[in-house]
Structures are given as structure tokens and as C-alpha cells.
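Below is one structure, written out as C-alpha cells; the observations come after it.
The values are calculated or read from the model by the stated rules, or taken from the named source; none is laboratory data. Since this is a predicted model, take the numbers as computed values, not measurements. Here Cβ is always computed from backbone atoms with ideal geometry, including for glycine, and neighbour counts include all displayed protein chains.
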Amino acid sequence: MIGFPSPRFRGEGTLHHATVARLVHALVNRLQNNRNALGLLFILPAGALLLFFLTYPLGLGVWLGFTDTKVGRGGHWVGLENYVFLFGDSVARLSLFNTLFYTVVASVIKFALGLWLALLLNKHLPFKAFIRAVVLLPFIVPTALSAIAFWWIYDAQFSVISWTLTKLGLIDRYIDFLGDPWNARFSTIAANIWRGVPFIAICLLAGLQTISPSYYEAASLDGATPWQQFRYVTLPLLTPIIAVVMTFSVLFTFTDFQLIYVLTRGGPLNATHLMATLSFQRAIPGGALGEGAALAVAMVPFLLAAILFSYFGLQRRAWQQGGKD
Amino acid sequence: MSRSIRTTKRRDFLKTTAGVAAAATVGPMIWIKDAEAQWSNQPEKGAKLRVLRWSRFVQGDIDQYMKNVQAFSAKYGIEVRIDNESWEDVRPKAAVAANTGAGPDIILSTHDDANLYPEKLVDVTDLCTYLGKKYGGWYPVCEAYLRPNGKNWIGVPLGCAGNTLVYRESQVKAAGFDKFPRDTDGFLKLMKALKEKGTPGGFALGNATGDGNVWTHWLIWSHGAKLVDEKNNVVINSPQTIKALEYARELYQTFVPGTLSWLDPNNNKAFLDGQCSVTANGISIYYAAKTSKDPKLQEMAADINHANMPIGPAGVPTELNLFFNQMIFKHTKYPKAAKEFIRFMMEEEQYGPWMQAAIGYVTQPLVAYEKNPIWTVDPKHTPYRDAMKIMRPIGYAGRLGYASAGAAADFIVVNMVAEAASGARTPQEAAERAQKRAERYYKV
């Protein structure tokens, strides 16, 4: 694309220095005046970073998924064997179910609570800035730390929730938060929601603030109820932000690792094993790097589906361009 | 002494007894010097060593270990760098070192790691032969782990972190037991009685890498069940397993609530809070109580005692403990210095004080070290002394390698016991499922 001045100079070693200098000069000149070439040049560092830190590891992961590589031992190409193996593996199938359940339930609740919180924070409140900062706290605390706090909150012997309820006389034995499969699923989801809501709330709040008040004025002059204002003004204008935020939220939730690893390590009876935690367990402590990689790669189609859904389903609605659906 | 060594021949026995006679005349040395235990090795000039080890479970361990390292450096002029990693993280690091041919010269790791890449490790047969001869021989489990072909040693055993039953004497007594039962039937009766008295015991059934694996393996082995036979055929779906799981179901009814969620730290916490009367653990619970400044905990320490895991229908002790190995990698530039380092650390002058500093966390792999005073200075330490003698390797009774490592890391046995114990699956279903899961690992 840059284009060498002329191919006939290539490979000839007897050129005069002056000719070479002239040539370089011409090349640099041409480069400086060529927008495409310059653009390419400027994008090169970023491209190299992406290639090195994203494309290469991803490619390597995909490739490993097709091999029987062990930690500490190179592997051979085995085609789809890992995937066939995982498909027949009851624990892997359970982890897929857990991951989908975890993602769907947590994302829906996080969205509902996040939107609600954003709408509240968008009102004129005293100490607005302070409250907004406080709301962000769960998101700022490192996940590993908040997970340890939840681990104590859910502890079979030391749970503060169980303790309080017992003291109040509401229950007579401690709640088995993490020891019963369904309790454990909902407990981990609750911890995830606690951590995820601020992100959604603050992003949606940013979106809400870009909506011009004049729309609301016009709506109220036309006699729109608050619900109608929300339904026909707020929601349509917020949809692009919702699409982006929820895509991120779904991706984060789907690939959650730390919370589960600290709280349950996938137990009890593998009821909270997500694909990410099972992938780690198989690949690193278990040594089956190829199988773990395959499990991680198996997450990609779901993630792509989530991205495509938000892109085509939410972001490209015709009415956003002034047309009709 | 010779009885505990499976491979000891009559000739060796005579030699050893001759050694005992000789040692008796020399003085109160705790080991038996074998006349043939000779060692000659010249470390490479200008050698430097890098050692990666699991990070300490107790401060005394690393303090004394580092003192020994300094003594080694002072004596040989060899600089040694020690890196520490949490024990569960050493495994992947060691594997990467083996794969890439770069990294630490020596790695102290756990369980069957050496069996994953035996061809990457320096043969240490000469060193193990020397140490074995000098210190009364290695316990059989050492050979199961590190002498896979019965001839060549691929690593030097370091010892193990022993597990025993940790219990409250007063509560066991109150439940009507003057002595801690030695068999599985008596143990179940005790657990039932403890439950009735309102002082139940409990064992980890979550995905607890240490505590979960340790007691569930004991449970199935004690009933004569095993994951695989000697030829690595998966045989977990057996009548013995069903028996073991039925036993587990009964035992589980006596547990404190929430054990399905228990990870490695939970039983320590519950026990020290007085909410759990019996559990399986290393010596850490006792030491936490003993060294605590809280008078309540000190009182508890006086009430804590230890017992080896009960013997079941199998008729022999069937324990699993966390085995430690020492591996020298072929990529080292200084194999001789590395050997010298391990030899130095394993000699009585170093190993003895180290055992004492580790206050019973580390059980010796060499028979002669049974006499280390740490095991008798406090009678409550004594059950930990036999941890290596009565343990079986993980992956028993099969060969060790990727399949055994994978099956253990995937919690197949832990999950099976948890499923059956909690009633989530019948013993038959749980055993069938474990069979299928294990067969996938042992398919090759």
C-alpha cells in the first residue's frame, strides 16, 4: 500500500550514496503526504499490542483446545476430541448449565436493580456526589476481598445472617448457604449481584444525564404520565447505553472466576462450578491444559451470541435513526 | 524396623542390626550408621542454586530451613536462592519448568508431580541409596511415589504433612468413650454418640484440595475400595465402595451442619470455636490453640488430642497424607551441587532440628528419624509420627502419572463421597458416576 517508487531498484547493491539518499528522501516525503500510510503507521503500535496480547493468546488458546497438551508436556493435534470428551462429561455439562443460570439470573436482576438505582440517583438528592461515590464502592473493592467477606457472611458456622436471624428467633438452625446446591447457586448469584449493580447503575446514570430535560418538559406538556415518560422517552434514548452496559455485564458474569473460587471452589457437588472455574481446575491443578483450553474456548460462542444479540437486537433499532421498527 | 520396609532383604537386615550394635557402643545417636553408607560427591565449581519450595505451614519450618540453607552456603561456598509459593501453585510452576527446561534447579513439590515428567528429572538413585542405608531405610510409600520402576529414584522424599483425627478428649469421654476407637465401627458409634450429646464432629466435603481428599480417600480405602487396580483399571464401582458409601451416609448424619460447603480452612475455624468435636487435620489446630494468648483456647489445647484414622474392614491403616518430594531438574547446570544440597538438608544434623522447628507438621520419610524427640516431647504429637509409615500414595493402587493427578484434581473421590453421604445420589449411582468420570482420565 505504501508503494515503493520503482521495483527496478530492488536488490541492486551498487547505487551511489546520493541516489540512495534521494530515494529515501522521496520515500519519506511520499509517506508523509500519504494519509493511508500515515494512518497505518500510527495504528501500528496499537495493532502490535492487540496482536501480541490479544490475538496471540486467543489463537494459542484455540489451538491448545485442539491438542492433548498437558502442563509441562507438549501436545499433539487431536481434532475435536477434547470437545467430544467434554460433551460426554457430566461435570462439564453441569458447569454449562450453572454458567447459563448464573449469567441469566444475575444479569436480569443486576439490570433491574441497576436501572432502578440509576433512576433514583438521577433525581435531585441531597449529598448527590457523596451518595454516588458510595454506590460505586462494591465495584471498587477488589473482588477477592469482597468474596472473602461473603465467604464469612455465608459461613456454615459463623454466618452473620444466620446469627442475627437466630438471635431474633426467626430460625432455629443456621442456614446452609453454600452447602446445599441450590442455596449455593443463589448465594453466589447474590454476591455477584452485589458487586455488579454499581457498575450498571453508574453507567446508566451517565446515560440518563445525556437525555435533554426538554424532552421531559415536552412530554409533560403533552400530559404524559411518569410511566409514559419513562417508557417513551427515557427507555428509547437509554437503549444504546443499555446495550453496551449489559453486553459488558453479561461478559463479566459469564466469565466470573474469583467469586466462585473463593466462596466454593465449584462445590458443593459441583453445583456452582462455572465453565471458567472448571476450565482452571482441569487445566492447571489437573494438568490437562488442552482440555481446559477447550472448555474456555467453548465459552466463546456464548459470548459472541451475547455480543451479537446486543448489537443487532438493541443497538441498531431503526427508530434510533429516526425510522420505524 | 525392618518390618516396615517392604523391600528390605535379609542381608540388609543383618547389616542394619549390625549397625545398631555398633551405634549402641558409640553413644546416644538416634540414627543407625550403616557401614556401607558412603557418599562422595564434588559439587561443581562456582555453582549457584535456585530452589522453589511450598511456602511454610508454620513459621518455624522456614526459619530453620533457611538456617540450614545458610549452613550449606557457608560450608560449600554455594549461593542458594529460595523461592516460596503456596503449595497448590508449585505444581503448575514445576510443570512449566519441566516443559521449558528453565527455572529452578530444585523444586520441592507435592504428591505425584515427579511422575508427570520423570524424564526431565535427574536420577538420584545414588543419593537415595546412601540416605536409605544411613538412616534405616525409606518408608514404602516413598518408593511408590518416587521409584516408579522399582529401580531408579526420580526424586528424594522430603516427608509429608500428616493428618490425624483431632478430637476433644472431654467430649469424647462425655459420649461414653474412655479411649478413642481404633476401628471404623467404633468410630461410627462414637460419632453417633457425640451427635446425641450435642457435640458433633465434622469433615470437609466441599472441593477442599487438602482436607477433602485426605479423609475421603481414607474412607474408601478403609473399606477395601480403591479408584484403580495395579494395572490402572478403574475399579471404583465395587461392592467395597458401596459399603464405604453406605458408611459415609451414616457418618454424615452425625456431622455438624454445612460440611458440604467446607473448604480447607473451615474445619479449623469450627473446631477452634468449639463447634466441632472431631475432625481430620494436620497438627495446625492443636498449635493454633496451644500458642494462642486467649485463655479459652489454651484451655481447649489441653483438651485436644490426636488419634490415627480408624482401621476399617481392609484390616490395615489406609491413610492419605500430603506427600512432599524434592526434584532436581535435568536443566540444572549444577546437578552435583543440587544433589549435595539435598543430601545436606536430609542429614540428621539439619533434618532433625528442622523437624523440631516444624513442630510436627512434617513427618520424616526415613525410618531412623522416628526417634526425633519432637514426637515424644508432647505425647499429643505422637500419632503424627507414623503418617508416612501408614499412608498410601494418592492414586493407589495404580501407577502414578497424569491420570492419577487429573482424577485427584477433579475431586472424583471427594464428589462421590459427598454425593452419597448427603443423599444427593444413592451409593450405587455415586459409584457408577465416579467410575465413568475416572475412566475418562485412565482411558490411555
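Some notes on this structure:
- Test set (1) touching a residue at least 12 places away in the same chain (Cβ under 8 Å); (2) outside any helix (DSSP H, G or I) - A:A184 fails condition number: (2)
- Condition met for B:G159 (without any contact (Cβ under 8 Å) to a residue 24 or more places away in the chain and either under 30 Å from B:E119 (Cα atoms) or in contact with a strand residue (DSSP E or B) (Cβ under 8 Å, 6 or more places away or on another chain) (or both)): no
- Note on region B:227-243: residues that are in contact with a Phe, Trp or Tyr (Cβ under 6 Å, 6 or more places away or on another chain) and assigned to a loop (DSSP other than H, G, I, E, B) amount to 1.
- Near pairs, Cβ below 8 angstrom, 6+ apart or cross-chain, from region B:409-438 (within 11 Å of chain A (Cβ to nearest Cβ) and free of Cβ contacts under 8 Å to residues at least 40 places away in the same chain) to any residue that is among the hydroxyl-bearing types (S, T, Y) and part of a helix (DSSP H, G or I): B:D410/B:Y441; B:R433/A:S90; B:K436/A:S90; B:R437/A:S90
- Tally of residues being assigned to a loop (DSSP other than H, G, I, E, B), touching a residue at least 24 places away in the same chain (Cβ under 8 Å) and under 24 Å from the mean Cα position of the chain (by Cα) across region B:67-126: 8
- Subset of region B:243-262 [over 21 Å from B:Y167 (Cβ atoms) and within 11 Å of another protein chain (Cβ to nearest Cβ)]: B:L260, B:S261
- Residue in region A:211-230 that is more than 14 Å from chain B (Cβ to nearest Cβ), outside any helix (DSSP H, G or I) and in contact with a Leu (Cβ under 8 Å, 6 or more places away or on another chain) present: yes
- The set of residues in region B:27-47 being surrounded by 10 or more Cβ atoms within 10 Å (Cβ to Cβ), at pLDDT below 85 and of a type in the set (G, A, S) consists of B:A35, B:A37.
- Residue among B:G162, B:G150, B:G137 that alone is surrounded by fewer than 24 Cβ atoms within 10 Å (Cβ to Cβ) and of a type in the set (G, A, S): B:G150
- Among the residues of region B:259-269, just one is surrounded by 24 or more Cβ atoms within 10 Å (Cβ to Cβ) and either in contact with a strand residue (DSSP E or B) (Cβ under 8 Å, 6 or more places away or on another chain) or within 18 Å of B:I374 (Cβ to Cβ) (or both), namely B:N267.
- Of the residues making up region B:237-274, those that are among the small types (G, A, S) and at negative phi are B:S238, B:A244, B:A248, B:S261, B:A270.
- The set of residues in region B:259-269 that are under 18 Å from A:A184 (Cβ atoms) and without any contact (Cβ under 8 Å) to a residue 40 or more places away in the chain contains only B:P265.
- Considered as a group, the residues in region A:245-265 that are in contact (Cβ under 8 Å) with a residue 60 or more places away in the chain and assigned to a loop (DSSP other than H, G, I, E, B) include one that is nearest to the other protein chains (Cβ to nearest Cβ), and that residue is A:T264.
- Scanning region B:181-211 for residues that are modelled with pLDDT of 95 or more, buried (at least 24 other Cβ atoms within 10 Å of the Cβ) and within 16 Å of B:T318 (Cα to Cα) yields a single hit, B:F187.
- Residue within region A:269-276 that is facing chain B (nearest Cβ under 10 Å) and in contact with an Asp or Glu (Cβ under 9 Å, 6 or more places away or on another chain) present: yes
- In region A:277-299, residue farthest from A:A106 (Cα to Cα) [restricted to those that are surrounded by fewer than 24 Cβ atoms within 10 Å (Cβ to Cβ) and without any contact (Cβ under 8 Å) to a residue 24 or more places away in the chain]: A:P285
- Count - residues of region A:165-189 that are surrounded by fewer than 20 Cβ atoms within 10 Å (Cβ to Cβ) and under 17 Å from B:D273 (Cβ atoms): 3
- Condition check for B:G198: within 14 Å of another protein chain (Cβ to nearest Cβ), closer than 28 Å to B:F323 by Cα, not aromatic (F, W, Y) and not in a helix (DSSP H, G or I): no
- Taking region A:74-169 and the helices (runs of 4 or more DSSP H) fully enclosed by it, the elements with 3 or more residues that are within 14 Å of another protein chain (Cβ to nearest Cβ) and over 24 Å from A:A283 (Cβ atoms) are at A:143-153, A:160-167.
- Among residues of region B:98-116, those that are surrounded by fewer than 22 Cβ atoms within 10 Å (Cβ to Cβ) and of a type in the set (A, V, I, L, M, F, W, C), counted: 1
- Of the helices (runs of 4 or more DSSP H) contained entirely in region B:356-444, those carrying at least 1 residues that are among the aliphatic types (A, V, I, L, M) fall at B:374-377, B:402-409, B:412-422, B:427-441.
Quick grid of which residues meet (1) under 26 Å from B:E349 (Cβ atoms); (2) away from chain A (no Cβ under 14 Å):
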| site | (1), (2) |
| --- | --- |
| B:P92 | no, no |
| B:N99 | no, no |
| B:L131 | yes, yes |
| B:Y135 | yes, yes |
| B:A174 | no, yes |
| B:K179 | no, yes |
| B:L190 | no, yes |
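- Among the residues listed as A:S90, A:S107, the single one being more than 26 Å from B:I412 (Cα to Cα) and assigned by TED's automatic domain parsing to the domain that holds A:G266: A:S107
- Applying the set (1) part of a helix (DSSP H, G or I); (2) surrounded by 15 or more Cβ atoms within 10 Å (Cβ to Cβ) to B:K173 leaves exactly one unmet item: (2).
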